[in-house]
Each structure stands twice: as C-alpha cells, then as structure tokens.
1. Dipole of the chain (Lys/Arg Cβ +1, Asp/Glu Cβ -1, origin at the Cα centre): which of Phe23, Pro438, Trp386 lies farthest to the positive side?
2. Check Thr553: other-chain or 5+ apart residues with amide H under 5 Å from its amide H, H built from backbone geometry?
3. Give me D for region 583-705 in µm² s⁻¹, whole number, from Stokes-Einstein with Rh from the Kirkwood sum over alpha-carbon pairs, 20 °C and 1.002 mPa s.
4. Taking every pair of distinct Cα atoms and averaging 1/r, then inverting, what Kirkwood hydrodynamic radius in Å comes out for region 621-693?
5. Got a sec? Which residues in region 410-444 would a label at Glu523 touch, if it sits 7 Å along Cα→Cβ and we count backbone N under 17 Å?
6. Assuming 0.36 nm per residue, please report the length gained on full extension of the stretch Ser729 to Asp379 beyond their Cα-Cα distance.
7. Could you list which residues have their amide H under 5 Å from that of Lys733, counting only those 5 or more apart in sequence or on another chain, with H placed in the peptide plane?
8. Using only the Cα atoms of region 210-286, construct the convex hull and provide its projected area averaged over every direction, in square nanometres to one decimal.
Amino acid sequence: MAILFNEQSREFHIQGRNTSYIFSVLSNGYLGQLYYGKKIKHRDSFSHLMQYPRRMVAVPSPNEPGNPKFSMELTKQEFPHFGGMDCRQPAIKIKQQNGSRLTEFKYQSHVIRSGKSKLAGLPATYVESDGEATTLDITLYDDVIGATLILTYTVFEAFDVITRSSRLVNSGSQPLLIERFMSCSVDFPDKDFDFMHLSGAWVRERHVKERKLEHGIQSIHSIRGGSSHVHNPFMALKRFDCTEHSGEVYGFSLVYSGNFLAQAEVDQFDVTRAMMGIHPDTFNWNVHPGESFQAPETVMVFSDKGLNGMSQKYHALYTARLAKGMWRQKERPVIINNWEATYFKFNEDKLVTLARQAKELGIELFVLDDGWFGKRNNDTTSLGDWFEDETKLPHGLKGLGEKINDLGMQFGLWVEPEMINRESRLYEKHPEWLLQIPNRISSPGRFQFVLDYTNDAVIDYLYERLHDILTNAPISYVKWDMNRGMSEVGSTHLAADQQMEVYHRYILGLYKLMDRITTAFPEVLFESCASGGGRFDPGMLYYMPQTWTSDDTDAVERLKIQYGTSMVYPINAMGAHVSAVPNHQVMRMTSLKTRAETAFFGTFGYELDVTQMTDAEKEEVKAQIAFYKLHRSTFQFGTFYRLKNPFKGNETAWMVVSADQKDAVVGYYQVLAKPNPGFKGLRLKGLNPEFEYTIAGRDGVYYGDELENIGIKLDPEFDATSIEGMHDSQDFKSTIFVLQCR
Ligand code: DGJ
C-alpha cells in the first residue's frame with residue numbers, strides 16, 4: 001500500500017514513487033503536518049519532528065491539559081481552523097446559528113482504499129483502474145455543531161503526484177454557512193522558498209514571476225468569475241537553488257475554473273503555510289442539515305529535479321488522467337481558423353475558398369470562428385441567438401460543413417454559450433437570464449453580459465441549442481469561447497441568502513453543461529478559450545483537452561507565454577497558430593519560419609488568409625505542415641524540456657523527446673541579433689546517454705551523453721556581421737534541430 005498508517009503513533013505516511021507526505025493525529029485530535037518532500041524510509045514514528053520549544057508568550061492550548069508546551073500556534077497543521085489559538089490564516093471558517101465561527105474538528109476515523117472516487121459535480125483527476133492510485137479519507141468531527149469534515153488524499157504512485165480535497169457534511173441539526181473552505185493547506189517548517197506563479201493580462205498571459213518569501217502573506221487570486229488572464233490557479237514554492245533541471249520545488253495546481261485564492265503565509269517562527277481553494281471573498285455556502293459541500297481538488301507535485309521535473313509530472317498526469325475522452329491521447333489535427341483572416345466579414349464562398357487553399361497546404365480541419373449566427377456583423381449583437389445567419393451562410397452550417405468535408409477536411413465551429421448581447425432575440429425573451437443585481441446597473445464587457453448559469457433553464461436551453469447544431473451539421477471540433485469577466489454578480493433565480501453562492505454555482509452550471517455536451521458528442525474535439533488564455537486551467541482541461549493559449553499570436557510574445565504555460569500544462573493542451581505579419585496584436589514583423597517554429601510546440605495551426613500568400617510562402621507552409629505531421633506524436637505526446645528561459649535573456653530554447661528517446665526536436669530562438677557574438681552552445685536534456693543521434697543538416701553522430709553534457713555547438717547564424725551578403729534583419733530568428741537515434 002502506498003499509504004501507511006501506524007496505530008501506535010497514529011501517523012500517516014503517503015508514498016509516491018519519489019515523494020513522502022507524513023502527518024499525524026495529535027493528542028488533541030487535530031491533524032499535525034510532519035513532513036512533505038523527497039521520499040524517505042518509513043519508520044514507526046516521526047513524532048520527533050513536531051517541536052514544541054518553550055515559548056513564554058505562546059498560550060498553551062486548552063485542548064491538551066497538562067502539557068504547558070503544547071500550542072496550536074506552534075503546531076504545523078493539515079487543516080487549520082478559525083477562532084482558536086492559531087492566529088494564522090485558517091483553511092475553514094463556518095458561521096453557526098449563534099454567530100460563532102469557531103470550529104474544532106477532531107479525528108474520528110479513516111479509511112485507506114485503492115482507487116479514487118469522483119468529486120460530485122466537479123472536474124478532478126481520475127483513475128481507470130483501482131490499482132493506479134491509493135486514497136485516504138480522514139473523517140474529523142466537531143461535536144458542538146455536529147459537522148463532519150472529510151479530508152481526502154490520493155496518491156498516484158506512478159505519476160508521483162498527491163491530490164487533496166475536502167468535504168463538509170452537516171450531520172447536525174443547525175444550518176451552517178461556510179465562509180471559507182480551502183481545498184488544501186500544508187505547513188512547511190521553514191521559509192526558504194521563492195514564491196513562483198504565472199501572472200499577466202490579456203495577450204500577455206502566464207508570465208513567470210517569482211520572489212522570495214518573507215514574513216506575512218504572498219498571494220495570488222481571481223475574483224473575476226473565471227480563473228483569469230491575471231493569475232493562473234497555480235503556485236510553486238521553490239528552493240533558492242532550484243533551477244530548471246535540479247533542486248527542489250513544490251507545485252500546487254487547483255482543478256477549478258472560477259474565483260480562487262493561492263497563498264503562502266510565513267509566520268513569526270518562519271513556518272510557511274501554503275493553501276489553495278475557492279476565493280473566500282466571493283463565496284459563502286449554506287449547508288443545511290443533511291447536506292454537504294465538496295471543495296475542488298488541488299494537485300500537489302514535489303520534484304527534486306527542478307522545474308522541468310515538476311512540469312513533467314503535471315504534463316503526464318494532466319494528459320493521461322485529467323483530460324478525458326477519446327482525444328486525450330490522440331494526435332490532434334492541424335487547424336486553420338478564419339478569425340484573423342476575415343474577422344466578421346465572410347460569406348460561404350470566402351470560407352470555402354480559404355478551406356480549399358488550406359487543404360492544398362495539408363491543413364486538416366477548418367474552423368469557422370465568431371460571426372456565423374444571428375446578425376453578428378460586429379461584436380455588439382446576437383450572442384445567445386445560436387441560429388445561422390442565412391445571408392452569410394445560405395446553405396447553413398450543414399451546407400458549409402458538407403462542402404468542407406467534400407474537400408477532404410473536417411469542419412469546426414466557434415461558440416460562446418455563456419454570453420448574451422442585449423441586442424438579441426434571446427434577451428427580448430429572457431431579460432431575467434442575465435446575471436444581475438436588482439436596481440443596479442449591469443456593466444457590459446465587449447458589449448455583452450453573462451448568462452445566469454445557476455439557472456437550470458438556461459443550461460437546458462443552451463444544451464438544446466448546441467445539441468441541435470452539433471447534430472445537424474458535420475462538426476468535428478468546437479472552440480468554446482468566453483470573452484468577459486463577471487461584474488455585478490447576482491441571480492434573480494436564487495434567494496437572498498444564496499447570492500454569495502452565485503459565483504460557485506455559475507461554475508457548477510458551466511461544468512454541468514460541458515459535461516452533458518462533451519458526453520453527448522464524444523468524438524468532437526473541444527478547445528476552450530476565454531479571450532485567448534483567460535481560463536487556461538485544469539478544470540477546463542478535464543472537459544476540453546486543449547485551450548487557445550493566447551490571442552497574442554506574435555512569435556516573440558508566444559515564447560514567454562508558451563514557456564510560462566508549460567510550467568503546468570502539457571504541450572498538447574496549448575493551441576498555437578501561425579498568423580499574419582505585421583502581427584495583429586503587436587504589429588511585429590517576424591518570418592514565417594520563426595512563427596511556425598514557435599507554434600510547432602503546441603497544437604499547431606494557422607490563422608491567416610492563406611489565399612493571400614505568395615507561391616513561395618505556400619511552398620514553405622506545405623513543408624512546415626509536412627514536418628509537423630512527421631513529428632506530431634513527439635510534439636504532442638513526447639516529454640517536454642525547457643532549456644533556456646525567455647524571462648532571463650535574449651534566447652529561448654526547449655525540446656521534446658519521444659517516449660522511446662529515439663526522436664527529439666529542439667527549438668532555439670534568439671530575439672535580437674547581436675553583433676560579433678561569442679561562441680555558443682546548447683546543452684540538451686532527456687536523451688539516452690547510450691544512444692547515438694544524428695542531427696538533421698549536420699554531419700556526424702553524437703552520443704546522448706555528449707549532447708547533454710557538451711551540447712550542440714551553435715553557429716553564429718543570427719549575426720549579420722558574420723555572414724557575407726546578408727542584408728535582412730537578423731532579429732527574431734529561430735532554428736529547429738531534429739535528432740534521431742541511428
Ligand atoms: C476571442 C478569442 O480568443 C479569439 O480567438 C476569437 O475567437 C474571438 N474571441 C472571437 O470573438
């Protein structure tokens with residue numbers, strides 16, 4: 001068993017392949033954290049790790065009479081509560097009938113079992129057979145309020161990942177109001193960490209940020225209704241000597257798409273408390289007697305092989321046991337999307353012409369983006385009216401889809417089912433379907449408003465519309481967009497005391513709809529999107545195995561965005577397209593080569609008017625697509641390594657290695673050309689030291705150990721001063737190395 005329990009010491013030891021997580025039942029019935037880190041040998045007791053030095057000002061806990069040294073304030077805990085001696089941030093806070101928020105959950109029982117259960121109504125990692133994971137459910141009980149708290153730990157031994165979640169059951173007789181309920185909390189014995197997270201904005205998503213932990217709280221959050229462009233529901237605690245390739249790091253990733261809080265608090269004795277869960281500022285939940293509440297799951301990864309080690313564990317688990325459905329490990333098609341080619345201005349002829357040209361280049365799937373429904377000639381109108389615009393599509397989606405299929409391509413469609421424009425038939429019929437607060441102005445965002453997904457009638461309407469569209473037209477792919485954050489959040493459908501439940505109920509409604517539609521159409525490939533990467537999170541990935549990474553398709557910007565995104569998310573989840581120049585977001589000119597060589601490290605596609613390309617460009621694109629197809633399984637399902645960090649210099653490099661280590665593709669990028677540069681090399685990772693590799697375009701063969709320890713020697717190829725007759729700008733250059741085992 002990967003989870004051991006010692007009856008005498010009442011200690012639990014959770015063991016992954018390379019990870020130990022140890023905690024115990026304290027003498028007062030609370031849970032105390034003992035160790036989280038690299039796997040260590042099991043022993044009968046680790047109780048010596050719980051230190052209680054005598055500190056005169058720390059008041060002893062009343063829960064352990066006779067032990068003057070004991071204090072919850074000095075105790076490293078597993079799920080700290082509000083209102084007792086521990087004055088750090090709590091994981092749980094519940095309002096009771098008498099107004100008190102104090103709770104005292106004490107150990108009652110536990111069960112260790114094979115497998116992993118589903119989380120009711122929520123996305124989560126899963127097993128396909130019980131042998132893949134071991135689960136521990138610990139039941140704690142507060143006998144004053146009659147509430148039961150169940151903390152669940154699952155270890156995926158082979159993936160070396162531990163997940164945690166928590167559930168509250170009102171087993172008493174008074175109504176309870178949850179005001180704060182984290183998914184996990186871990187106390188580390190010191191504060192020698194950098195706090196790392198992924199932050200940004202629209203068209204600048206998931207930039208890597210880090211800073212040293214200090215006393216007080218470092219946190220990131222969203223209260224925008226979705227996980228947001230601004231912060232991703234992920235944080236890492238990194239040892240100071242941790243690099244991409246070595247050193248210790250702890251990752252925390254929340255499987256949730258709504259408002260979240262992730263924080264690390266350093267206390268007066270240098271203990272670091274890391275916690276993560278639904279953001280308490282926008283959340284209350286009524287739990288009536290007999291009811292329960294399930295918090296989302298946190299996925300915790302420890303790596304002593306640096307950031308790449310952490311990311312690879314997330315990539316493996318999220319590819320195989322988070323994303324669900326037949327597409328999860330199936331090669332994804334090369335896509336063309338018409339958005340940046342036409343925006344709202346298209347008709348059937350234009351689309352078919354685009355598709356025909358795309359087919360000739362080797363593209364496999366044509367996606368019709370925004371503008372096909374209602375009277376949607378700009379973004380002020382028609383969201384909610386999910387019926388074809390017959391002036392643009394005289395033969396409907398069915399006719400268009402069939403024409404695309406006749407060309408030998410698959411057909412995909414954009415939808416934005418969570419939104420409504422006031423200028424729409426749906427709004428005329430159902431003005432009460434908007435999220436809104438009576439007597440308050442609802443602010444538009446991109447001229448649109450958010451539908452009330454807490455209302456099942458809304459969900460049913462959208463399910464019916466989407467079902468109809470997907471049944472009547474030959475649609476193989478859906479891009480599910482969401483283009484604004486939430487404001488003035490309230491529901492006319494819910495009672496006054498449920499208004500603080502709306503944000504979370506919205507996300508539950510969204511999950512319900514996505515579950516229904518993805519189950520009804522298992523063969524359709526779904527890609528989520530939220531103004532680019534505004535909801536790139538594990539919750540969405542569960543239903544939809546890929547996400548549009550960013551509306552910023554500029555190759556140079558994408559280096560940072562894709563590098564940051566790869567901290568948690570697999571390459572096969574990252575939509576990456578070649579677009580036109582000057583780039584529509586930053587007006588930068590980059591070569592077709594650099595644009596493709598950046599987008600290769602994602603689910604690859606194009607998003608430009610292919611009919612406007614020169615013959616030479618078309619030939620180049622044909623070659624790019626043929627190349628991607630040849631290496632597609634390695635790009636999408638190989639092991640990904642970050643080699644050079646765009647946040648730290650002028651160069652970026654990364655590579656993918658096939659599972660058998662026989663094939664690898666390396667991408668190397670230089671943002672600005674440097675005159676007369678020094679010698680350069682690039683050390684590779686993940687190769688088999690015993691294998692002999694060829695490098696396409698270079699003579700000779702190289703052992704894997706040479707390529708890892710000495711590296712590839714780089715030519716000063718991006719320096720105009722060293723190449724005779726070269727007059728073009730050498731900025732924004734890239735090169736690809738293809739390695740093959742002989
Ligand atoms: C935002 C998306 O990120 C874009 O790719 C595009 O689909 C537009 N919405 C359409 O309105």
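1. Projecting each Cα onto the dipole axis, the largest value belongs to Phe23.
2. When sequence neighbours closer than 5 places are left aside, the close amide H contacts are Gln585.
3. Result for D is 130 µm²/s.
4. The Cα-based Kirkwood calculation yields 13.9 Å.
5. Under 17 Å, as judged by backbone N against the label point of Glu523, lie 410-413 of region 410-444.
6. 122.2 nm
7. Amide H neighbours of Lys733: Gln670.
8. Reported value for the Cα convex hull: 6.4 nm².
Every read-out reported here was derived from the displayed coordinates using simple, explicitly stated rules and does not represent laboratory data. Bear in mind that the values here come from a model prediction, so they are computed numbers and not experimental data. Glycine also receives a Cβ, built like all others from the backbone with ideal geometry; neighbour counts cover every protein chain displayed.
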